[in-house]
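Down below is the structure, laid out as structure tokens.
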Amino acid sequence: MNDTLKIIKERSSVRAYTGEPLSEDEIRAIVEAGLQAPTARNMREVHISVIPGNHPLLKEIDIENKSIMLENADAAAKDAIMGNPNNFYYNAPCVFILSVDKDFVWNKVDAGIAVENMSIAASSMGLGNLIIGIISRAMSGNKKEYFAKALNFPENYEFAIAFAAGRKAADKAPHDYDYDSSVSFI
Ligand SMILES: Cc1cc2nc3c(=O)[nH]c(=O)nc-3n(C[C@H](O)[C@H](O)[C@H](O)COP(=O)(O)O)c2cc1C
């Protein structure tokens, strides 16, 4: 198995980080991996906002997201949300928010490819990382314009996906999959 296949096979979502910050070189390598991803028609429309884990904006997004989730939750779900001690990025030292042109038909596919490139890159550097979709509620709610401005989204851009990276404080095994039922050879 070559190095790339090994990294893909061993990658898993990390939800526990040490407080150690990423270096500028590490952040740059992750961002460049995102920007090097292919995009439909070579539009290169994916924008990446980089936020340090201790930035108050992350807390604001987390609070807004939980409050929207609570509005639509039944009693059991409310208990789960209130009892969850974690924020959406699990205190990772660096969070990346990917935004895309609202009107480009392939926008979310392009962002998905970019974020997976970032995940593979971070994993190859020995860093734990997590792809994060849960904040789509906060990013599309009443405060969406405020968050878009604070995160410096380009004009006519919207949230696509988020990503967190840092040094692992705990490991998790990669997910299982059922090869036979997931594949058809025609
Ligand atoms: C589009 C997308 C959104 C995700 N959003 C979240 C999220 O908001 N929070 C979270 O903890 N994990 C999130 N995940 C991680 C998945 O839960 C995880 O990839 C899945 O459980 C498989 O586990 P593994 O990555 O360890 O193999 C997301 C993954 C993807 C691809």
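So for region 65-75 (the condition being among the acidic types (Asp, Glu) and closer than 19 Å to Ser136 by Cα), does at least one residue qualify? Yes, the conditions are met somewhere in region 65-75. Each residue in region 130-150 was checked for being in a loop (DSSP other than H, G, I, E, B) and within 16 Å of the ligand (Cβ to nearest atom), and 4 of them qualify.
In the set Asp103, Asp110, only one residue is in a helix (DSSP H, G or I) and either at pLDDT 95 or above or under 18 Å from the mean Cα position of the chain (by Cα) (or both); that residue is Asp110. Scanning region 1-56 for residues that are in contact with a Leu (Cβ under 7 Å, 6 or more places away or on another chain) and either without any contact (Cβ under 8 Å) to a residue 12 or more places away in the chain or assigned to a loop (DSSP other than H, G, I, E, B) (or both), we see that the one that is nearest to the ligand (Cβ to nearest atom) is Arg15.
So for region 79-97 (the condition being β-branched (Val, Ile, Thr), at pLDDT below 95 and more than 21 Å from Asp171 (Cβ to Cβ)), does at least one residue qualify? There is at least one residue in region 79-97 that is β-branched (Val, Ile, Thr), at pLDDT below 95 and more than 21 Å from Asp171 (Cβ to Cβ). Taking region 163-186 as the range and being among the acidic types (Asp, Glu) and under 26 Å from Gly133 (Cα atoms) as the test, the residues that pass are Asp171, Asp176, Asp178.
The values are calculated or read from the model by the stated rules, or taken from the named source; none is laboratory data. Note that this is a predicted model, so its numbers are computed, not measured. As a convention, Cβ positions derive from the backbone with ideal geometry for all residues, glycine included, and neighbour counts pool all protein chains shown.
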